[in-house]
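Asker: I have a structure here, written as structure tokens, and I will follow up with some questions on it.
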Amino acid sequence: MAGGELKLLGTWASPFAMRVKLALNFKGLSYDNIEEDLRNKSDLLISSNPVHKKVPVLIHNGKPICESRIIVEYIDEAFVGTGPSLLPADLYERAIARFWAAYIDNKLLASWFQTFTGKTEEEKAEAVKQTLAAAEHMEAAFKECSKGKPFFGGNSVGYVDVTLGSLVALVRTSETYDFKPFDATRSPLLNAWLERFAALDAVKTVVPDTDRLVDYAKTRLAEAAAAVSNN
Amino acid sequence: MSPVKLITAFGSPFAHRAEVALALKGVPFELITEDLYNKSELLLRHNPIHKTVPVLLHDDRTVSESLLIVEYVDEAFDGPRILPADPYDRAMARFWAHFVENKVSKPFWMSFWTEGEVREGFVKEAREMLAVLEAQLDGKRFFGGESLGLVDIAAIGLMGSDDEFPALRRWVKEYTSHEAVKKCTPDAQKLIAYFVENEEKYQQIAKATL
């Protein structure tokens with residue numbers, strides 16, 4: 001049901017929280033943004049997401065919804081008629097959009113994170129290979145979904161744009177590590193799409209600052225490495 | 001529109017999900033059974049990304065990934081709803097289906113195909129996750145309430161849950177006696193024989209994912 005109070009529990013760095021912020025922005029919905037400290041999780045977060053205790057959580061009129069892709073679909077279904085639709089109207093195109101959104105998380109992101117967190121150089125190199133292969137598939141996906149238009153969603157931003165576009169900060173951070181999954185020669189369409197997407201006002205207001213993210217990533221990785229060597 | 005075809009494999013719980021969805025809707029379909037150790041050109045052509053079953057062929061449309069097929073079938077065909085109508089309830093159904101998929105299925109299956117300490121680890125993990133599901137079932141007939149829904153279909157692989165979980169045990173009985181499910185359940189003896197025959201293969205697959 002439209003209207004009502006929207007609260008988002010997230011963090012400035014989380015690309016998953018960013019997906020929800022993007023969806024809310026694109027739909028023109030205002031919300032209360034609550035910044036969580038993941039080392040000191042709020043009672044609200046724990047009680048709203050007792051199963052995973054993770055961000056993002058959207059709380060709509062007191063009822064929590066968890067998991068970023070599920071939240072985005074919820075926003076689209078609960079606020080039908082408010083702003084543009086994020087999921088396609090056609091049911092087959094919807095199935096295709098869901099397929100690629102799941103692929104982004106299960107394949108692309110999974111191997112991408114491994115390029116940072118892999119325990120050995122071998123593991124990291126394998127992860128790089130997998131990520132580049134996944135990026136190739138996403139390039140083909142863009143061709144299939146956009147049909148020559150500027151976004152996965154066509155003329156306007158859609159579900160897959162939001163799902164993948166939340167990684168724009170991760171892309172910029174990766175570049176400081178010399179890793180470009182969406183470079184201009186290998187994935188020209190995606191590269192162009194990312195520039196286009198990042199230039200949108202709705203995106204600019206929620207993208208984390210790259211320098212801040214690079215510092216944050218460095219700290220987290222150093223901590224993880226220290227934890228491993230202390231065991 | 002031409003008849004629906006489903007590329008499936010014997011014993012696959014994922015393919016079973018798609019079959020149940022079609023049976024629930026009363027959609028006639030043709031089963032194309034794959035040998036997953038010798039994949040056909042048809043499967044590789046229709047699911048080049050994941051190369052897995054199930055794959056739904058509906059006219060010139062191809063849908064893969066079992067839970068996505070279930071959602072597609074729900075939207076494409078008339079008949080009893082598989083996902084609820086209310087957006088919040090739909091989000092909850094998707095959440096719990098994902099929970100089953102990402103948190104329960106892996107340790108549950110791995111506990112069958114591993115040994116010793118590794119197996120003990122998976123048994124413990126599966127038990128913790130099943131306890132969460134047990135609590136979620138909370139006296140309902142199905143996860144979907146009075147009728148079968150997305151979460152029930154997602155959870156079908158979790159047969160033989162142990163005595164610790166009375167609600168789940170009751171759910172297994174309800175689920176397996178449902179008309180649509182009975183149509184899609186392979187003969188128990190055949191299934192057991194199949195798993196015994198392929199035990200080594202499954203153990204190797206399990207080892208490779210560790």
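Asker: So for the protein assembly as shown: antiparallel DSSP bridges make up what percent, rounded to the nearest 5? Before the final figure, lay out the partial values.
Answerer: Values: 17 of 27 bridges.
About 65 percent, rounded to the nearest 5.
Asker: Give the residue from B:97, B:52, A:58 lying farthest towards the positive end of the charge dipole for the protein assembly as shown; charges sit on Cβ (+1 for Lys and Arg, -1 for Asp and Glu) and the dipole is referred to the Cα centre.
Answerer: So the residue furthest toward the plus end is A:58.
Asker: Can I ask one more? Can you list which of the trypsin sites (Lys or Arg not before Pro) found in region B:18-54 are DSSP loop residues with at most 14 other C-beta atoms within 10 Å?
Answerer: Working: sites: B:25, B:39, B:45, B:51; in loops: B:39, B:51.
In loop regions of region B:18-54 (DSSP not H, G, I, E or B), the sparsely surrounded trypsin sites (Lys or Arg not before Pro) are B:51.
Asker: Relative to the compact-globule scaling 2.2 N^0.38 Å, provide the ratio for the alpha-carbon radius of gyration of region A:170-231.
Answerer: Values: Rg = 15.0 Å, N = 62, 2.2 N^0.38 = 10.6 Å.
Relative to the rule-of-thumb radius for its length, region A:170-231 sits at 1.42.
Asker: Moving to a separate point now. Gaussian network model of chain B, Cα springs within a sub-10 Å range: biggest mean-square fluctuation belongs to which of B:83, B:36, B:67?
Answerer: Among B:83, B:36, B:67, the largest mean-square fluctuation in the Gaussian network model of chain B belongs to B:36.
Asker: If the elastic network links every pair of Cα atoms under 10 Å, which of A:181, A:50, A:15 fluctuates the most in the Gaussian network model of chain A?
Answerer: Among A:181, A:50, A:15, the largest mean-square fluctuation in the Gaussian network model of chain A belongs to A:50.
Asker: Can you give me the Kirkwood hydrodynamic radius for region A:91-205, using every pair of distinct Cα atoms, in Å to one decimal? List each step's numbers first, then the result.
Answerer: Values: mean 1/r = 0.0694 Å⁻¹.
In region A:91-205 this quantity evaluates to 14.4 Å.
Asker: Same structure again: Taking the Cα centre as origin and putting +1 on Lys and Arg beta-carbons and -1 on Asp and Glu beta-carbons, what dipole magnitude results for region A:69-197, to the nearest 20 debye? Provide the component values of the computation, followed by the final result.
Answerer: On the way: 14 positive and 18 negative charges, 31 e Å.
It works out to roughly 140 debye.
Asker: Lys/Arg Cβ at +1, Asp/Glu Cβ at -1, dipole of region A:1-144 taken about the Cα centre: which of A:79, A:47, A:110 is farthest positive-ward?
Answerer: A:47
Asker: Accessible area per residue, 1.4 Å probe, Å², for chain A: what's the number? All intermediate terms of the calculation are to be shown ahead of the outcome.
Answerer: Details: 10830 Å² over 231 residues.
Heavy-atom SASA per residue in chain A reads 47 Å².
Asker: Quote the accessible area belonging to residue B:178 in square angstrom, nearest 10, computed with a 1.4 Å probe and with ligands, DNA and RNA left uncounted.
Answerer: Taking all protein chains as shown, residue B:178 has close to 50 Å².
Asker: Over chain B, what per residue volume does the convex hull of the Cα atoms give, in whole Å³?
Answerer: Values: hull volume 27.2 nm³, N = 210.
Considering the Cα atoms of chain B, their hull volume per residue is 129 Å³.
Asker: What residue among A:150, A:191, A:140 has its Cα farthest toward the positive end of the dipole of region A:91-205, where the charges are +1 on Lys, Arg and -1 on Asp, Glu, each on the Cβ?
Answerer: Checking the options against the dipole of region A:91-205, the answer is A:150.
Asker: On to the next question. Kirkwood Rh over alpha-carbon pairs of region B:87-184, then Stokes-Einstein at 37 °C and 0.692 mPa s: what D in µm² s⁻¹, rounded to an integer? Don't skip to the answer; put the middle values down first.
Answerer: Details: Rh = 13.8 Å.
After rounding, the answer is 237 µm²/s.
Asker: To the nearest 100 Å², how much accessible surface do chains A and B hide from each other in total, with a 1.4 Å probe?
Answerer: Numbers: alone 11980 and 11550 Å², together 21240 Å².
When A and B are taken together, about 2300 Å² of accessible area is lost.
Asker: What is the percent carbon and sulfur in the accessible area of chain B, measuring with a 1.4 Å probe over the protein chains and ignoring ligands? Could you put the intermediate results ahead of the total?
Answerer: Working: 5550 of 10410 Å².
That share works out to 53 percent.
Asker: Just in region A:1-99: which GluC sites (Glu not before Pro) are loop by DSSP and have at most 12 other Cβ atoms within 10 Å? Write down the numbers at each step before the final one.
Answerer: Details: sites: A:5, A:35, A:36, A:67, A:73, A:77, A:93; in loops: A:5, A:36, A:67.
Those satisfying the criteria are A:5.
Asker: Kindly state, to the nearest 0.05, the FRET efficiency for residue A:63 paired with residue A:91, given R0 = 25 Å and r defined as their beta-carbon distance. Don't jump to the answer; show the numbers that get you there.
Answerer: On the way: r = 27 Å, r/R0 = 1.07.
Result of the calculation: an efficiency of 0.40.
Asker: How high is the FRET efficiency from residue A:176 to residue B:170, r the C-beta distance, R0 60 Å, rounded to 0.05? Intermediate values should be presented prior to the final figure.
Answerer: Numbers: r = 55 Å, r/R0 = 0.92.
About 0.65, to the nearest 0.05.
Asker: According to a simple spin-label model (label point 7 Å from Cα along Cα-to-Cβ), what is the distance in nm between residue B:78 and residue B:135?
Answerer: If labels sit at residue B:135 and residue B:78, their model points lie 4.3 nm apart.
Asker: Moving on. Please return the longest stretch of chain A lacking exposed loop sites, where trypsin sites (Lys or Arg not before Pro) count only if DSSP places them in a loop and at most 14 other Cβ atoms lie within 10 Å.
Answerer: Details: sites that count: A:39, A:53, A:119, A:147, A:186.
The longest such stretch corresponds to A:54-118.
Asker: First compute the accessible area of chain A with a 1.4 Å probe, then give the percent of it belonging to carbon and sulfur atoms.
Answerer: Answer for chain A: carbon and sulfur cover 52 percent of the accessible area.
Asker: Once you have all Cα-Cα distances for the protein assembly as shown, histogram them in 10 Å bins from zero and send the whole-percent values.
Answerer: 4, 19, 30, 29, 16, 3, 0
Asker: Region A:88-123: which chymotrypsin sites (Phe, Trp or Tyr not before Pro) are DSSP loop and have at most 10 other beta-carbon atoms within 10 angstrom? If you can, show how the numbers build up before the last one.
Answerer: Working: sites: A:92, A:99, A:100, A:103, A:112, A:113, A:116; in loops: none.
Sparse-neighbourhood loop chymotrypsin sites (Phe, Trp or Tyr not before Pro): none present.
Asker: With every protein chain left in place, what is the accessible area of residue B:71 in Å² (1.4 Å probe, nearest 10)?
Answerer: 20 Å²
Asker: Let me ask you something else. For every helix of n ≥ 4 consecutive DSSP H residues, a contribution of -39,500 (n - 2.57) applies; sum these over chain B, divide by its total residues, and give [θ] at 222 nm rounded to the nearest 500 deg cm²/dmol. Provide the component values of the computation, followed by the final result.
Answerer: Values: 11 runs with 117 residues, N = 210.
Computed mean residue ellipticity for chain B: -16500 deg cm²/dmol.
Asker: Test of understanding: in a Gaussian network model of chain B with alpha carbons linked when under 10 Å, which of B:180, B:135, B:188 would top the mean-square fluctuation ranking?
Answerer: The residue that fluctuates most here is B:188.
Asker: Enter the accessible area per residue of region B:87-184 (Å², integer; probe 1.4 Å; all protein chains in place). Each step should come with its number before you reach the end.
Answerer: Values: 4590 Å² over 98 residues.
It amounts to 47 Å² per residue over region B:87-184.
Asker: Kindly identify residues of region B:54-97 having a loss of at least 30 Å² in accessible area between the isolated chain and the assembly of all protein chains, probe radius 1.4 Å.
Answerer: So the qualifying set is B:61, B:68, B:72, B:75, B:87, B:88, B:91, B:94, B:95.
Asker: Relative contact order of region A:6-79, please, whole-number percent, based on alpha carbon pairs below 8 angstrom and at least 6 residues apart.
Answerer: The normalised contact order for region A:6-79 reaches 39 percent.
Asker: A further question on this structure: Give me the dipole magnitude in Debye, nearest 20, for region B:4-76 about the Cα centre, with unit charges on the beta carbon: positive for Lys and Arg, negative for Asp and Glu. Mind dumping the intermediate values first?
Answerer: Details: 7 positive and 11 negative charges, 29 e Å.
The dipole magnitude comes to about 140 debye.
Asker: Next question. Please list, ordered by chain and number, the residues whose modelled amide H lies under 5 Å from the amide H of residue A:55; skip anything fewer than 5 residues away on the same chain.
Answerer: Excluding prolines and chain starts, which carry no amide H, there are no hits.
Asker: Taking the Cα centre of the protein assembly as shown as origin, sum charge times position over the Cβ atoms of Lys and Arg (+1) and Asp and Glu (-1), and report the length of that vector in debye to the nearest 20. Mind dumping the intermediate values first?
Answerer: Working: 52 positive and 63 negative charges, 64 e Å.
Dipole magnitude for the protein assembly as shown comes out near 300 debye.
Asker: Please work out the ratio of the alpha-carbon Rg of region A:1-137 to 2.2 N^0.38 Å and round it to two decimals. Working shown, then result.
Answerer: Details: Rg = 16.8 Å, N = 137, 2.2 N^0.38 = 14.3 Å.
In units of the 2.2 N^0.38 Å rule of thumb, it is 1.18.
Asker: Net charge near residue B:49, counting Lys/Arg +1 and Asp/Glu -1 over other residues with Cβ under 12 Å of its Cβ? Don't skip to the answer; put the middle values down first.
Answerer: Details: positive: A:107, B:45, B:51; negative: A:136, A:144, B:65.
Residues close to residue B:49 contribute a combined charge of 0.
Asker: Mind giving me the nanometre distance, one decimal, between the label points for residue B:33 and residue A:51, set 7 Å out from Cα along Cα→Cβ?
Answerer: Rounded to a tenth, the inter-label distance reads 3.4 nm.
Asker: Let me ask you something else. State log₁₀ I(q)/I(0) for region A:26-99 at q = 0.12, 0.15 Å⁻¹ as given by the Debye formula over alpha-carbon point scatterers of equal weight, solvent excluded.
Answerer: Computed log10 I(q)/I(0) values: -0.41, -0.60.
Asker: Another question about this same structure. What whole-number value in cubic angstrom gives the convex hull volume per residue for the C-alpha atoms of region B:19-122?
Answerer: On the way: hull volume 14.0 nm³, N = 104.
Taking the convex hull of the Cα positions in region B:19-122, it is 135 Å³ per residue.
Asker: Rounded to the nearest 5, what % of DSSP beta bridges with both residues in chain B are antiparallel?
Answerer: On the way: 8 of 14 bridges.
Antiparallel: roughly 55 percent of the beta bridges in chain B.
Asker: Starting from a Cα-only point model with no solvent, please compute log10 I(q)/I(0) by Debye for region B:4-76 at q = 0.23, 0.25, 0.27 1/Å.
Answerer: For region B:4-76, the Cα-only Debye profile gives -0.99, -1.18, -1.37.
The values are calculated or read from the model by the stated rules, or taken from the named source; none is laboratory data. Please read all numbers here as calculations on a predicted model, not as lab measurements. Positions of Cβ are backbone-derived with ideal geometry, glycine not excepted, and every protein chain shown enters the neighbour counts. Ligands, DNA and RNA are excluded from the accessible area calculation, which covers all protein heavy atoms including side chains. Shrake-Rupley method; radii C 1.70, N 1.55, O 1.52, S 1.80 Å.
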